[in-house]
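In what follows, a structure is listed as structure tokens, so that the remarks can point back to it.
The values are calculated or read from the model by the stated rules, or taken from the named source; none is laboratory data. All values derive from a computational prediction rather than experimental measurement. Cβ atoms come from the backbone with ideal geometry, glycine included; neighbour counts cover every protein chain shown. SASA here: full protein model, heavy atoms, side chains in, ligands and nucleic acids out. Shrake-Rupley method; radii C 1.70, N 1.55, O 1.52, S 1.80 Å.
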Amino acid sequence: MSPNQKISLAEFDLHQSEKYVLSINLKIDGLSFIIIDDQKILFAESYIWQAKNWDFATEQFSEIFKSQEFFNARYSKVTAIVKHSDSTLIPNVYFDKSKQQSALEAYLGRKDFTAYAHALKHEKAMLVFAINLNLEKLLKSCFNSIEIRHQSALLIDEELERAQHDAIIALHISPLSFEVIGIRAKRLLAHNNFLFQSVEEFMFLLLSFVQQNNFKTESLQLNISGNIMMDSKIGQNLKRFFPNIVQDKSSESNKDAVFNELKNLTLLANS
């Protein structure tokens, strides 16, 4: 399998890998990884395939891990950042680590995973998320030490940390899906993931979330991240309904956006 995007700096030396950090973003429809020295991306690759299921994705991960020498090196730290919606937020007062597996099984209605927990830094809550059993086995077999984190927890913490406006809707857009975070008075109010097939469905789901959580479009701040152009149909509709929009510069469409986003998530995970 060949990468669809790649960065390789001349100064990258795999023999110096113990100085570097390896970060891997795992999604049902692709994988990207970066090797960084401090905050500089030295090497990076991105792979994309048609989404099927996590067992299929894990087969692709395995092929990439086994074909690339970079995954056999020793690093100062290895982080896997998983992106999916098989998760739930549990307030700390109700969280019991010994019951996280059964709690997530009840929520998702299945048992084909291992439950992990990611503590939020800026809210008294845990994001409990699923890891496919075959994926867990693969990660443990390929890496002596690896920290598994969830992308949603990192995005929530980032928005809470930088929140200045009284009412905020943070929107992270992916192809055919989006993640939305509601914040009021620097506290997490709501979080959800949605799939969509059209601009109309996208706007209906977003505006329903806004209304159900008693936000006012004219007074809130809309923070946008992900790969989106504001002159697209979605961008034009967002500007129509939301007068106060702040777009993350790393979300602008460019060839290195996927790697810059992963670097930002990695720095958040390791801070």
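Annotation: the antiparallel percentage among DSSP beta bridges lying fully within the chain is about 70. For segment 26-43, putting each phi into the Karplus relation 6.51 cos²θ - 1.76 cosθ + 1.60 with θ = phi - 60° gives couplings of 10, 10, 5, 10, x, 9, 9, 9, 10, 10, 10, 10, 6, 10, 9, 7, 9, 8 Hz, in residue order, rounded to whole numbers and with x for Gly and Pro.
The share of accessible area on segment 84-134 that comes from carbon and sulfur is 54 percent, using a 1.4 angstrom probe.
About its Cα centre, the chain has a charge dipole of approximately 460 debye under the convention of +1 per Lys or Arg Cβ and -1 per Asp or Glu Cβ, with nothing else charged.
Sequence-ordered 3J(HN,Hα) estimates for segment 64-75 from the Karplus curve with 6.51, -1.76 and 1.60 and θ = phi - 60° stand at 5, 4, 7, 9, 10, 5, 4, 7, 9, 7, 9, 10 Hz, glycine and proline given as x. What base-10 log of the normalised intensity I(q)/I(0) is obtained for segment 1-146 from the Debye formula, alpha carbons as equal point scatterers, at q = 0.08, 0.14, 0.20, 0.21 Å⁻¹? Each listed q maps to, in turn, -0.26, -0.75, -1.23, -1.29.
Across the alpha-carbon set of segment 12-75, the Rg to Rh ratio works out to 1.01, Rh being the Kirkwood radius.
With viscosity 0.890 mPa s and temperature 25 °C, the Kirkwood radius over alpha carbon pairs of segment 103-145 converts through Stokes-Einstein to a diffusion coefficient of 209 µm²/s. Close amide H partners of residue 192, meaning residues 5 or more places away or on another chain with modelled amide H under 5 Å apart, are 180. Each residue of segment 9-20 is assigned a 3J(HN,Hα), and the resulting list reads 8, 4, 7, 5, 10, 4, 5, 9, 4, 5, 8, 9 Hz, derived from the Karplus form 6.51 cos²θ - 1.76 cosθ + 1.60 (θ = phi - 60°), x at Gly and Pro.
For segment 3-49, the fraction of C-alpha pairs farther apart than 17 angstrom is 32 percent.
With a cut-off of 9 Å between beta carbons, the residues surrounding residue 270 carry a summed charge of 0, where Lys and Arg count +1 and Asp and Glu -1. The residues of the chain expose, per residue, 51 Å² of accessible area to a 1.4 Å probe. Between the Cα long axis of helix 133-142 and the first principal axis of the chain there is an angle of about 40°, rounded to the nearest 10. Legend: residues 187, 149, sorted from most to least accessible area (1.4 Å probe; ligands, DNA and RNA excluded), read 187, 149. Among the listed pairs 27/97; 111/239; 77/233; 140/233; 52/263, those with a Cα-Cα distance over 32 Å are 111/239; 77/233; 140/233. Once you have a ≥ b ≥ c as the square roots of the Cα gyration tensor eigenvalues for segment 211-271, tell me rounded if a/c is under 1.5, and otherwise prolate or oblate according to whether a/b is larger than b/c. Taking the square roots of the gyration eigenvalues as a ≥ b ≥ c, segment 211-271 is oblate.
When the Cα positions of 164, 177, 109 are compared along the charge dipole of segment 64-189, 109 comes out farthest toward the positive end, with charges on each C-beta of Lys, Arg, Asp and Glu. Packing here is the average count of other Cβ atoms within 10 Å per residue, and on that basis the peptides 226-232, 90-96, highest first, run 226-232, 90-96.
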